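S.K.: Before I ask anything, let me first share the structure, which is written out below as C-alpha cells.
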Amino acid sequence: MTDSKAATARVDVKDLDQEGLIRYVERLGQPAFRGRQIMAWLYRPGITDFDQMTDLAKEFRALLNRHARISRFDSPVTEMSRDGSVKFGFVLEDGAIIESVLIPEEGRNTLCVSSQAGCAMGCAFCMTGAMGFKRNLATAEIINQVCAVRDWMLRRNRGRLTNLVFMGMGEPLANLDSLLQAVSILTEQRGLDFSNRRITVSTCGLVPQMLELGLRTDVNLAVSLHAPDNETRDQLMPVNRKYPIEELIEACRRFQRKKRQRIMFEYTLLKGVNDSEKDARALADLLRDIPCKINLLAVNDTGGKYVSPGRDRVLWFQHFLRQKGFTVFIRQSRGEDISAACGQLAGKMRRE
C-alpha cells in the first residue's frame with residue numbers, strides 16, 4: 001500500500017462528531033472520556049497531529065497515529081473581490097474542486113459553505129447546477145472549509161467567523177447525513193462552538209429531508225422559492241416536479257421551529273419571468289400564514305438567458321410585500337466580479 005492509500009485507509013477523525021469519537025475510541029479499547037479529550041483538541045487552531053494532544057497518554061497517541069488521521073485543507077486558492085469578499089478554492093483528495101465564500105460585513109463575517117462537489121438539482125439560473133453533480137462531501141470536507149477560512153482569517157488579523165450559511169455548491173439536504181454530522185461538530189462546545197442561530201441551511205425544497213432537519217437540529221432554514229406558482233417554478237427548478245409548491249409550503253408550516261424563529265424564503269428576481277405585480281400578489285398569498293422573512297435578490301450574471309429586472313423593480317417588489325406585512329430584505333450581491341455571488345460557484349478558480 002502506498003503512503004497516500006495508507007493515509008486514506010485510516011479513519012479521519014474529523015468525520016466523527018463527539019458521539020462518534022466516543023464510539024471510535026471505545027472500539028480501540030479506550031474509555032469514553034478519551035473521545036471527549038480528542039474533540040477538545042481537534043478544532044483548536046494549529047492542531048495538526050495527535051502528538052500535540054498532550055493530555056493523551058503517549059501509548060494512546062501512538063495508537064491513534066497508526067489507525068487515524070487528522071485531515072485539513074492546506075494552501076487554498078483565493079480570489080479577492082473589490083467589495084471585500086474572498087472566494088476560496090479547495091482541491092479534494094480525488095481532484096474535485098469546491099468553493100467557499102467569505103463575506104465580511106459590519107459586525108459579522110459570514111462563510112458560505114459547500115456541501116457537495118457540483119449539484120444535481122439543475123436550477124435553470126445557477127452555474128453550479130450547470131456543472132453537474134460529482135459527489136457528496138464527507139463531514140470532514142465540510143468542516144475543513146470552516147477551519148481553513150478561520151485559520152486564514154487568524155493569520156491576517158481579519159477577525160473571526162460569526163455566521164455560517166450552507167448556500168455554496170450543492171444541495172445541503174441531499175447530503176443530509178454528512179450535514180447533520182457537520183452541524184453537530186460546528187455547534188459542539190468542544191468543537192467549533194457556533195450557536196445554532198448563527199447557522200442557516202438552505203434548500204431548494206427536498207421536503208422529507210427538510211422536515212427531518214427540523215426534528216434533529218435547531219439551525220435556521222432558508223428555502224429557495226423563486227416563483228409563486230408551479231408552472232414557473234417547474235421551469236426554473238426541476239425539484240418542483242417532485243415536490244410541488246403545495247407540498248413545500250405545507251412542509252414549511254410543519255417545520256419544527258423554535259419560538260420566534262422564522263423561515264427565510266429566498267426569491268431571485270428574473271426580468272419578465274417572476275417579477276410582475278401578479279407574481280408579487282401570488283407570493284404574498286402563498287406565504288401569508290407562515291412566520292417568515294423574505295430575501296430578494298436580482299439574478300446574478302451567469303451568461304445565460306436570465307437577466308436582472310433592475311434596481312427599481314427590486315425596490316418596488318420589496319415595497320409591495322412590505323405593504324402586505326412581510327419583513328423583506330434586499331440581498332446585495334457580493335463577489336460578482338470573481339464569480340463568487342449566488343449561483344456563480346462553478347469550481348473555476350484563478351490563482352492570485
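S.K.: Could you give every pair whose Cβ atoms fall below 7 Å, whose first residue belongs to region 205-225 and is under 12 Å from I263 (Cα atoms), and whose second residue is part of a helix (DSSP H, G or I) and among the β-branched types (V, I, T), counting only separations of at least 6 or pairs across chains?
M.R.: Close Cβ pairs satisfying both conditions: V219/V183.
S.K.: Next question. Have a look at E19, E93, E99, E59 and point out the one that is outside any loop (DSSP other than H, G, I, E, B) and assigned by TED's automatic domain parsing to the domain that holds K134.
M.R.: Exactly one residue qualifies, and that residue is E99.
S.K.: Additional query: When you check N274 against the structure, is it surrounded by 15 or more Cβ atoms within 10 Å (Cβ to Cβ), touching a helix residue (DSSP H, G or I) at 6+ places or on another chain (Cβ under 8 Å), of a type in the set (S, T, N, Q) and modelled with pLDDT of 85 or more, yes or no?
M.R.: For N274, the condition - surrounded by 15 or more Cβ atoms within 10 Å (Cβ to Cβ), touching a helix residue (DSSP H, G or I) at 6+ places or on another chain (Cβ under 8 Å), of a type in the set (S, T, N, Q) and modelled with pLDDT of 85 or more - is met.
S.K.: Any idea which of (1) part of a loop (DSSP other than H, G, I, E, B); (2) surrounded by fewer than 23 Cβ atoms within 10 Å (Cβ to Cβ) is the one A227 doesn't satisfy?
M.R.: (2)
S.K.: Consider only pairs whose beta carbons are under 8 Å apart and that are at least six residues apart or on different chains; among these, list those whose first residue lies in region 320-333 and is more than 20 Å from E105 (Cα to Cα) and whose second residue is acidic (D, E).
M.R.: As it stands, the answer is F320/E277, since those pairs meet every condition given.
S.K.: For region 115-166, list the strands (runs of 3 or more DSSP E) that sit wholly inside it and hold at least 1 residues that are surrounded by fewer than 17 Cβ atoms within 10 Å (Cβ to Cβ); which are they?
M.R.: The qualifying strands (runs of 3 or more DSSP E) are 133-136.
Here is a yes/no grid of residues against (1) farther than 16 Å from S202 by Cβ; (2) in contact with a Cys (Cβ under 8 Å, 6 or more places away or on another chain); (3) of a type in the set (S, T, N, Q); (4) not assigned by TED's automatic domain parsing to the domain that holds L215:
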| position | (1), (2), (3), (4) |
| --- | --- |
| R260 | yes, no, no, no |
| K293 | no, no, no, no |
| V299 | yes, no, no, no |
| V307 | yes, no, no, no |
| Q318 | yes, no, yes, no |
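S.K.: Residues being of a type in the set (D, E) and within 19 Å of the chain's Cα centre (by Cα): count how many of those fall in region 80-109.
M.R.: Number satisfying all stated conditions: 2.
S.K.: Among the numbered conditions (1) more than 29 Å from Y267 (Cβ to Cβ); (2) crowded, with 19+ Cβ neighbours inside 10 Å; (3) without any contact (Cβ under 8 Å) to a residue 60 or more places away in the chain, tell me where F194 comes up short.
M.R.: (1)
S.K.: Something else: Could you tell me whether region 78-85 includes any residue that is touching a helix residue (DSSP H, G or I) at 6+ places or on another chain (Cβ under 8 Å), buried (at least 17 other Cβ atoms within 10 Å of the Cβ), free of Cβ contacts under 8 Å to residues at least 60 places away in the same chain and not in a loop (DSSP other than H, G, I, E, B)?
M.R.: No; the residues of region 78-85 include none that is touching a helix residue (DSSP H, G or I) at 6+ places or on another chain (Cβ under 8 Å), buried (at least 17 other Cβ atoms within 10 Å of the Cβ), free of Cβ contacts under 8 Å to residues at least 60 places away in the same chain and not in a loop (DSSP other than H, G, I, E, B).
S.K.: Could you say whether any residue in region 244-259 is without any contact (Cβ under 8 Å) to a residue 40 or more places away in the chain and either touching a His at 6+ places or on another chain (Cβ under 6 Å) or under 22 Å from L297 (Cβ atoms) (or both)?
M.R.: no
S.K.: Looking at the structure I just gave you, is S71 within 30 Å of the chain's Cα centre (by Cα), farther than 24 Å from D193 by Cβ and small (G, A, S)?
M.R.: no
S.K.: Return the only residue of Y306, Y267 being outside any loop (DSSP other than H, G, I, E, B), among the hydroxyl-bearing types (S, T, Y) and surrounded by 14 or more Cβ atoms within 10 Å (Cβ to Cβ).
M.R.: Selected residue: Y267, the only one of Y306, Y267 that is outside any loop (DSSP other than H, G, I, E, B), among the hydroxyl-bearing types (S, T, Y) and surrounded by 14 or more Cβ atoms within 10 Å (Cβ to Cβ).
A quick yes/no check of all residues on (1) within 23 Å of the chain's Cα centre (by Cα); (2) modelled with pLDDT under 95; (3) surrounded by 18 or more Cβ atoms within 10 Å (Cβ to Cβ); (4) farther than 27 Å from C204 by Cα:
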{"site": "E19", "(1), (2), (3), (4)": "yes, no, no, yes"}
{"site": "Q37", "(1), (2), (3), (4)": "no, no, yes, yes"}
{"site": "L42", "(1), (2), (3), (4)": "yes, no, yes, yes"}
{"site": "Q52", "(1), (2), (3), (4)": "no, no, no, yes"}
{"site": "P76", "(1), (2), (3), (4)": "yes, yes, yes, yes"}
{"site": "L111", "(1), (2), (3), (4)": "yes, no, yes, no"}
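S.K.: Now for a separate question. Inspect all residues belonging to region 200-213 and state whether any of them is under 19 Å from E266 (Cβ atoms), touching a strand residue (DSSP E or B) at 6+ places or on another chain (Cβ under 7 Å) and part of a helix (DSSP H, G or I).
M.R.: Yes, there is a match, as at least one residue in region 200-213 is under 19 Å from E266 (Cβ atoms), touching a strand residue (DSSP E or B) at 6+ places or on another chain (Cβ under 7 Å) and part of a helix (DSSP H, G or I).
The values are calculated or read from the model by the stated rules, or taken from the named source; none is laboratory data. These figures come from a predicted structure and were not determined experimentally. Please note: Cβ atoms are built from the backbone with ideal geometry, for glycine as well, and neighbour counts cover all protein chains shown.
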